[in-house]
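The values are calculated or read from the model by the stated rules, or taken from the named source; none is laboratory data. For clarity, every value in this text was computed on a predicted model and none was experimentally measured. Methodologically, a virtual Cβ is constructed for each residue, glycine included, from the backbone with ideal geometry; neighbour enumeration extends over all protein chains shown.
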Amino acid sequence: MTDYDSQDTEARATRAGKSTSERITDAMRSLPRDHFIEMSEPVRVQGRSIPPTNAVSEILEHADPQPEHHVLQVGTGAGYVAALLSKLTQQVVTLEKNPVIARSAQERFNKLGLANLVLREQDGSEGAADLGPYDRILVSSPRIKQKNALLEQLAPEGLLIALEQGENETHILTRYELTELGAPVRKELALVDFSRDSGMTLLDMGMVDQPMLEEARRSAKAKKQPVIKVLRDMLNMEDITLYRRLAEENGMPFAAIDDLLPEVQPRLMDGFSRSFLDSHHLVPLQVREHCLQIATDDPDSSVEDIYHMYPYERVQKILVTPNDFKRLWTTVELSLQGDLHKHRRSDDKPPEQQDLMNVTKTRIEAHLITLLDALLLDAVSEGASDLHVESYKENTRIRLRVDGDLHDLTHYSLSAKETRGLVNVIKIRGDMDIAEKRLPQGGRSQLRAGGVGYDLRIQVQPSLHGEAVVIRLLPQSGNIVAIEDLGMATDMMRHYRRLLDNPSGLLLVVGPTGSGKSTTLYAGLSELAKDGRRKVITIEDPIEYSMDGIQQTWARPDIGFNFADGMRSFVRQDPDVILVGEIRDQETAIEAIRASQTGHIVLSTLHCNDAVDALQRIYDLNVHPNSIASELTGVIAQKLAKRICEHCKKEAEPDPAITAELFPDGIPDSFRCFEGSGCENCNGRGTHGRVAVVEYMQVNGEIRDAISLQYPVAQLRAIALDSGLATMRDSALNHVISGTIPMVELLRVLPADRMAPEKRGGW
């Protein structure tokens, strides 16, 4: 007998003189509940790892297990109840037919050293007669309907306690005992509540601790918000990850909005009180075979009132993320609004005769504001960088740019009048002049969705058939990408860090629009901010990320405060590092060089295609070549390529047409590539997110001489190659071989003349 066995035997002897309730309480205190909670399990037990403590306590009290009892449990599950019984009784036999769950439970029992517990992997309905008879048989699975075989294994005066399915997915605790003639007698004992709020679920999952949960509950009560909303903000988790886990643990289906929209019956909403749906966080979806399917973003929302108020036999809750819930609500509202438009009064003026400027606010604004909110939520949910609204002769086209590609939102159909009204609402949101339709306009606004703030950069452009709008969404999540996650090779990361440690000089990050230049610069700034030895000042338009430890300034050209003005004022703030959002003109370029000449590190961006082209761009700004040569320390050029989805990545056959361009002298034996087959995590695209493909040029003596002499770009590139230029081709090819990007992305990021290896040693 082990020391643990000896101690456990003594503990049972000590508890023998206590009441059943006291012994159950002692057992639950001594058994580590979190030992039975493992998120890595591939199979869940009735939708939850372990039942809530109140339900377990109630079941055990009705079973009344005594220290001398021999007990059979049917339905081991995670093993929590069986382990408790082992501490309360002399011997426990537990049966589990699912081999994966059985093995997981056995591992837990072994770790706890429960010597008086036997686990068998078999169907529980037949019991284990060879190890009986039993003083108590506990049937934990409602799926066990036939109990005759189990009743035959009861000892005299033994009891069978079973969970059985009641109405509306309730659970009834029942007791069976045999008369002297051997006839079974059934008695209903109680309704057992297996529900637990989302806070308890997250506690059981090990994602929060008790103090955090108590704080969240206090905050939720004070703010009159669901507990899950407060906890979501505390955890700062991606909604889809958090809500998928909550659904699994609560035995609820989880769905994405794209799967639900085709099945939605909008007219169902008319049968419900809007205030009731809003307060309970519910959106009715459809009715199937007398079952109402209803979406919610609150796992704790109650549907009991629906059974009393509405004629549905069953109600099924489907969990969605908060963003998807908002999108569902607005989509249903828009669908209903569309039905109203179809039945508009006959005396309404046709669209071409109606001046939107003279339409009353109550007539159009509510619908159009809802429409804009729906579009922005679509953009946020898809992870879009831009939202496009384009007016054409026959239709309006709405598109999102996701991972660099545009795709249409086909579930919106707008009339010309609605499009004009929508543009007006966007203008108002961006503080623009709605009367001005002849000139381009720019504006800014803000959005908050899913606990994340977004800055909206809005550009309105006149076109042939109306005004076109582009809204760029800039998340203000504060999640700055680390240098290690940029996609740079190890040597390149070392060089980047070395440049940041220089006492002075100009470092440029270049690339086309939307190529992640700011992300790369902020990754460097985040390390400088953590360092704390140097003062960092930025001037940006707009401020794309808010960072602690860095003094950030917003350029305002509209009031006469531009990049150059900021640079001139910064030198009196005793900075060590200055970031200029973009070098757009000669004045800014000269001030940047001047700041680097006075002992500052200056970081900035340019719009061009590669590292050497950046030199020509500065030449074009009429900056003296000697000034460039003396202060420029390095150039990082980058473009963004689509990442292969990690959930569906597989090895692929190389494309012969691409390999012919890549390897004119033949494909290396070690070459391999990968692709994504498409799954729910990437919406069938095979890619998810983007990574930088980087080119790096460190400015050495030879390159400085060439800059001073203002050599043509071709000669500059030849010298750069001989000086160790790390090309974009090398970076892209490394990503392909490592399985980061698909091979087809090479055609998007590399020009045709850069697919093959560039000649070195030619200068």
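In segment 679-693, the residue that is surrounded by the fewest Cβ atoms within 10 Å (Cβ to Cβ) out of those that are charged (D, E, K, R) and under 16 Å from R748 (Cβ atoms) is R685. In segment 618-629, the residue that is nearest to E745 (Cα to Cα) out of those that are touching a residue at least 24 places away in the same chain (Cβ under 8 Å) and part of a helix (DSSP H, G or I) is I618. For segment 654-666, the count of residues that are assigned to a strand (DSSP E or B) and buried (at least 17 other Cβ atoms within 10 Å of the Cβ) is zero. The set of residues from segment 33-65 being at negative phi, part of a loop (DSSP other than H, G, I, E, B) and modelled with pLDDT of 75 or more comprises just one member, P65. The single residue among R244, R274 that is closer than 19 Å to R327 by Cα, modelled with pLDDT of 80 or more and among the basic types (K, R) turns out to be R244.
Mind listing whichever residues of segment 734-746 are buried (at least 18 other Cβ atoms within 10 Å of the Cβ), among the hydrophobic types (A, V, I, L, M, F, W, C) and touching a Phe, Trp or Tyr at 6+ places or on another chain (Cβ under 9 Å)? It would help to see each step written out before you state the result.
Pass one, segment 734-746, residues buried (at least 18 other Cβ atoms within 10 Å of the Cβ): 735-736, 739-743, 745-746.
So of that shortlist, the ones also among the hydrophobic types (A, V, I, L, M, F, W, C) come out as 736, 741, 743, 746.
V736, I741, M743 - these are the residues of segment 734-746 that are buried (at least 18 other Cβ atoms within 10 Å of the Cβ), among the hydrophobic types (A, V, I, L, M, F, W, C) and touching a Phe, Trp or Tyr at 6+ places or on another chain (Cβ under 9 Å).
Consider segment 640-672 and keep the residues that are in contact with an Asp or Glu (Cβ under 7 Å, 6 or more places away or on another chain) and touching a residue at least 40 places away in the same chain (Cβ under 8 Å). The one that is farthest from G684 (Cα to Cα) is R672. The test for being on the phi < 0 side of the Ramachandran plot, of a type in the set (S, T, Y), surrounded by fewer than 20 Cβ atoms within 10 Å (Cβ to Cβ) and at pLDDT below 90 holds for S670. Which of the following residues is assigned to a loop (DSSP other than H, G, I, E, B), aliphatic (A, V, I, L, M) and modelled with pLDDT of 75 or more: M212, M269, M252, M237? M252 is the lone residue from the list that is assigned to a loop (DSSP other than H, G, I, E, B), aliphatic (A, V, I, L, M) and modelled with pLDDT of 75 or more.
Once segment 619-644 is narrowed to residues that are under 30 Å from R690 (Cβ atoms) and out of contact with any Ser or Thr (no Cβ under 9 Å at 6 or more places or on another chain), the residue that is modelled with the lowest pLDDT is D620. Screening K97, K87 for residues that are over 39 Å from the mean Cα position of the chain (by Cα), of a type in the set (D, E, K, R) and not in a strand (DSSP E or B) leaves exactly one candidate, K87.
Sort out for me the helices (runs of 4 or more DSSP H) sitting completely within segment 672-740 that have 2 or more residues that are more than 24 Å from L508 (Cα to Cα) and charged (D, E, K, R).
Working: elements: 701-708, 713-722, 728-737.
Helices (runs of 4 or more DSSP H) meeting the threshold: none at all.
A Cβ distance below 7 Å, combined with a sequence gap of six or more or placement on separate chains, defines the contacts here; from segment 19-31, residues that are in a loop (DSSP other than H, G, I, E, B) reach residues that are of a type outside the set (S, T, Y) in the pairs L31/A83; L31/L84; L31/K87.
Listed here are the residues, each with its yes/no results for (1) surrounded by fewer than 24 Cβ atoms within 10 Å (Cβ to Cβ); (2) farther than 21 Å from G132 by Cβ.
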site: E58; (1), (2): yes, yes
site: E61; (1), (2): yes, yes
site: L85; (1), (2): no, no
site: Q91; (1), (2): yes, no
site: P99; (1), (2): yes, yes
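Taking the listed residues L606, L615, L632, L640, the one that is crowded, with 16+ Cβ neighbours inside 10 Å and either more than 30 Å from L747 (Cα to Cα) or of a type outside the set (A, V, I, L, M, F, W, C) (or both) is L632, with no other qualifying.
Looking at M488, M493, just one residue is assigned by TED's automatic domain parsing to the domain that holds Y696 and touching a residue at least 60 places away in the same chain (Cβ under 8 Å), and that residue is M488. If you go through segment 277-303 and keep only what is closer than 15 Å to N250 by Cβ and assigned to a loop (DSSP other than H, G, I, E, B), you end up with H281, D297, D298, P299, D300, S301, S302, V303.
For segment 367-468, list the strands (runs of 3 or more DSSP E) that sit wholly inside it and hold at least 1 residues that are free of Cβ contacts under 8 Å to residues at least 12 places away in the same chain and outside the structural domain of S518 (by TED's automatic domain parsing); which are they? Don't jump to the end; show me each part of the working.
Details: elements: 386-391, 396-402, 405-408, 441-449, 452-463.
Ranges flagged: 396-402, 405-408, 441-449.
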